[in-house]
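In what follows, a single structure is set out as structure tokens and then discussed.
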Amino acid sequence: MSGALKTTTVQMGASRLRAGALALAAAAVLTGLSGCSLFGSSNAPKPTPLETLTPEIAGRVVWNSRIDSVQFPLSIATVADQFVVAGSGGVVEALQASDGRSAWRVDVGQKLSAGVGSDGRFAAVVTRENEVVVLEAGRVLWRKPLPSAVLAAPLVAGERVFVLTVDRQVQAFDALDGRLLWNLRRPGEPLTLAQPGVLAAFKDTLIVGQGPRMAGVDPLRGSVRWEASVASPRGTNEVERLADLVAPAVRQGDMICARAFQSAVGCVNAERGSALWSRNFGGMNGIGGGATAVVAADASDRITAWGLGNGDVMWTADQFQHRRLSAPLVVGKNVVVGDFEGQVHFLALDNGRTQLRLATDGSAIQAAPVALGTTILVATRNGGLYALRPE
């Protein structure tokens, strides 16, 4: 299967660039139309009103901060005792998880399209001008142009910076000086999704979403070690068969689970490079998961939990339909998810019942919630950063 992918250091030709631009434009139009049809039409389904809730667990906002806004697919990095965040305008900041104090703050001078990746020493973002920018010790270390647009946060690991473009090329750079080390690309797809793809680490393997497949890549050479399908797209045209893996994905032990856009949720054994289970399930956002379950919402924001090991349905919760949910986070005994009004909901992992609801600034939760210890951080579209702590 690895023959479908090839490693090259040759830059894309003009025809490839035009094809990639057309694919991105088509996917962007598709996404825009989908958003209008779901939420902008007078005939669109009305969001489910929030249920009357008597909290079953305690929790509160322990600190809050602010960046300019979050109008791009932000991925909040968690390293050591810090959250690393970024705003649309180009400011990247590291915040102490305990109290929100700023450890460092840098303005890269351009608006951002993707970020943040960090290993604690280096942090990486991508600008709308298609430059990857790498920071060290609160300063810009280097920046390099990219062949096409990027929406997925770069991955920083092993003194390398890995970038996944919207046409699913992968480039590896030396984190110290920005040298391009290798470039991996596959034959062009009719359409590529204008949404962050899967880019993650598993032991000494780089995990990359390539259409509906998950690929294990040698991070030193850029060669493909294995491929496994998460979904088998069906449809009469390219739009219906669009099933790219979308971030965030979830790692639990040797398993990595992900969503294939509007197609399926499934898990792969990354040690063996083999598919374990896949369940047909529509939806657009990434997934959450923990030691016992994988959790995702469908296109109408109905949330389902599956058993991690076998993919059997554990429960389905419909109290948040059409509330434009964020990707979920599984932490401890709870599922945490945000909605379009900035409400953050805590559900019981064993049955999906709402246990707690905390408010932020009233704008949509824009990034998947992340956790460091007992502190959960969410980011809103208006730039609010809220650290929550269930008790």
Worksheet entry | Spin-label model distance (nm) - Asn269 vs Asn130, 7 Å beyond Cα toward Cβ | 4.1
Worksheet item: Residues with beta-carbon under 13 Å from that of Thr316, excluding Thr316: net charge, scoring Lys, Arg +1 and Asp, Glu -1?
Response: -1
Worksheet item: Taking the Cβ of Glu341 as the center, what net charge do the other residues with Cβ under 12 Å away carry, scoring Lys and Arg +1 and Asp and Glu -1?
Response: +2
Worksheet item: Near Lys111, which aspartates and glutamates are there with a Cα under 13 Å away, not counting those fewer than 8 places off in the same chain?
Response: Asp68, Glu129, Glu131
Worksheet item: How big is the Cα convex hull of the stretch 128-183 in projection, averaged over all directions, in nm²?
Response: 3.7
Worksheet entry | Fraction of accessible area attributable to carbon and sulfur, the chain (%, probe 1.4 Å) | 50
Worksheet item: Separation between the Asn237 and Leu53 pseudo-spin-labels, each 7 Å from Cα along Cα→Cβ, expressed in nm?
Response: 4.0
Worksheet item: Where only protein heavy atoms count, and the probe is 1.4 Å, what is the accessible area per residue for the stretch 39-121 in Å²?
Response: 49
Worksheet item: Which of Thr192, Thr205, Thr54 moves the most in a Gaussian network model of the chain with Cα springs under 10 Å?
Response: Thr54
Worksheet item: In terms of Cα to Cα distance under 15 Å, which aspartates and glutamates are near enough to Lys203, apart from those fewer than 8 places away along the same chain?
Response: Asp119, Glu159, Asp218, Asp254, Glu271
Discussion item. Sorting check: for 113-123, 79-89, 218-228, which peptide has the highest mean count of neighbouring beta carbons within 10 Å, and how do the rest follow?
Written reply: 113-123, 79-89, 218-228
Worksheet item: Which one of Thr165, Thr380, Thr316 has the biggest mean-square fluctuation once the chain is modelled by GNM with Cα springs under 10 Å?
Response: Thr316
Discussion item. Less than 15 Å Cβ to Cβ from Val331, Lys/Arg counted +1 and Asp/Glu -1: what total charge do the surrounding residues give?
Written reply: +1
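The values are calculated or read from the model by the stated rules, or taken from the named source; none is laboratory data. Keep in mind that this is a model prediction, so the values were computed, not measured. As a convention, Cβ positions derive from the backbone with ideal geometry for all residues, glycine included, and neighbour counts pool all protein chains shown. Side chains are part of the model used for accessible areas, which takes the heavy atoms of the whole protein and leaves out ligands, DNA and RNA. Shrake-Rupley method; radii C 1.70, N 1.55, O 1.52, S 1.80 Å.
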